[in-house]
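What follows is one structure encoded as structure tokens, with my remarks underneath.
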Amino acid sequence: SLGERDLIYIDSLMNIAALYKREGKYSKAADIYYEALKLRKSLDNPENIGLSVNLYELADLMVKMGKKNEALSLAQKAVDIRRIIYGKYHPRYFRGIYYLGLIQSRCGRYEEAVESLAEAMGLQAEYIGEDSSDFTDTKKAFAESSFSLSRYYFDMGNTQKAMECYKNVYDFAFK
């Protein structure tokens, strides 16, 4: 029989939490994500890709709950785990940087998001190619975060920085 330390059980908890998140029942989703995280950490090999996914999903939920610092911390831990498992030159590590960039952008940390996404894009272009779906996803997120950064500068009254960013977005989008 399956027990709490079984990956199928833990993945089922993750799916249930995702459903609660989709329904807007964030507190219930958080409780279940944290339970899955606790169980996953208790496994013989807690440093696994599932732990990274768990942390990213929890980070995304924390953004929705307005807990941005916690979200950023969880997303960084998820990337760190991928780096430990795969090293710095593996597509799953690149994807982790992409996820970090998404969380940074959702938290309004556009400069950091643009840096993370640019790093992911550079690695993806070099090691898996610009034709990959990962590169395409990252390129889109990079353009969106860069545009948000431009808007941020504009709203803050820094029109020179805003213009530089808008120009970079334009140049990037039509390269």
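The values are calculated or read from the model by the stated rules, or taken from the named source; none is laboratory data. Model, not experiment: these values are computed from the prediction. FYI the Cβ positions are ideal-geometry reconstructions off the backbone, even for glycines, and counts take in every protein chain you see. SASA here: full protein model, heavy atoms, side chains in, ligands and nucleic acids out. Shrake-Rupley method; radii C 1.70, N 1.55, O 1.52, S 1.80 Å.
What's the angle, to the nearest 10 degrees (0 to 90), between helix 26-41's Cα axis and the longest principal axis of the chain?
The answer is roughly 70 degrees.
Loop-only trypsin sites (Lys or Arg not before Pro) in the stretch 1-80, please: DSSP not H, G, I, E or B, and at most 15 other Cβ atoms within 10 Å. The partial results should precede the final answer.
On the way: sites: 5, 21, 22, 25, 28, 38, 40, 41, 64, 67, 68, 77; in loops: 5, 25, 67.
Those that pass, being in a loop and sparsely packed, are 5, 25.
Let me have the relative contact order for the chain, percent, based on Cα pairs under 8 Å that are six or more residues apart.
On the way: 207 pairs, mean separation 21.3, N = 175.
So the answer I get is 12 percent.
Please check the chain for the longest run free of GluC sites (Glu not before Pro) that are loop-located per DSSP (anything but H, G, I, E, B) and have at most 15 other Cβ atoms within 10 Å. It would help to have the intermediate numbers written out before the result.
On the way: sites that count: 4, 23, 47, 130.
That gives 48-129 as the longest site-free run.
Once neighbouring chains are kept in place and the probe is 1.4 Å, which whole percent of the accessible area of the chain is contributed by carbon and sulfur?
Working: 5060 of 9920 Å².
So the carbon and sulfur contribution to the accessible surface is 51 percent.
For residue 38, go through the lysines and keep the ones whose alpha-carbon is under 22 Å away, minus same-chain ones fewer than eight residues off.
21, 25, 28, 64, 67, 68, 77
Set the Förster distance to 41 Å, then compute FRET efficiency between residue 5 and residue 111 from the Cβ-Cβ distance, nearest 0.05.
Numbers: r = 41 Å, r/R0 = 1.01.
According to the calculation, E is roughly 0.50.
Using the Karplus equation 6.51 cos²θ - 1.76 cosθ + 1.60 (θ = phi - 60°), what ³J(HN,Hα) coupling, rounded to whole Hz, does each residue of the stretch 107-119 give in order, writing x for Gly and Pro?
3J(HN,Hα) across the stretch 107-119, in whole Hz: 8, x, 9, 5, 4, 5, 4, 4, 5, 4, 5, 5, 4.
Can you tell me how much longer the chain between residue 49 and residue 92 gets when fully stretched, taken as 0.36 nm per residue apart minus their C-alpha distance, in nm with one decimal?
Working: separation 43, 0.36 × 43 = 15.48 nm, distance 0.87 nm.
So the chain would gain 14.6 nm between residue 49 and residue 92.
Might you tell me the accessible area per residue for the stretch 1-116, computed with a 1.4 Å probe and given in Å²?
On the way: 6070 Å² over 116 residues.
Spelled out: the 1.4 Å probe surface of the stretch 1-116, per residue, equals 52 Å².
I want to check the label-to-label distance for residue 25 and residue 84. Put each point 7 Å from Cα in the C-beta direction and report it in nm to one decimal.
Each label point lies 7 Å from its Cα, and together they span 3.3 nm.
Can you work out the Karplus-derived ³J(HN,Hα) for every residue in the stretch 151-165? Use 6.51 cos²θ - 1.76 cosθ + 1.60 with θ = phi - 60°, whole Hz, and x for glycine or proline.
My calculation for the stretch 151-165 gives 4, 4, 4, 4, 5, 7, x, 8, 5, 5, 5, 4, 5, 4, 5 Hz in order.
How high is the relative contact order of the stretch 32-116, in percent, with contacts defined as C-alpha pairs under 8 Å that are six or more residues apart?
Values: 95 pairs, mean separation 20.1, N = 85.
Contact order relative to length: 24 percent.
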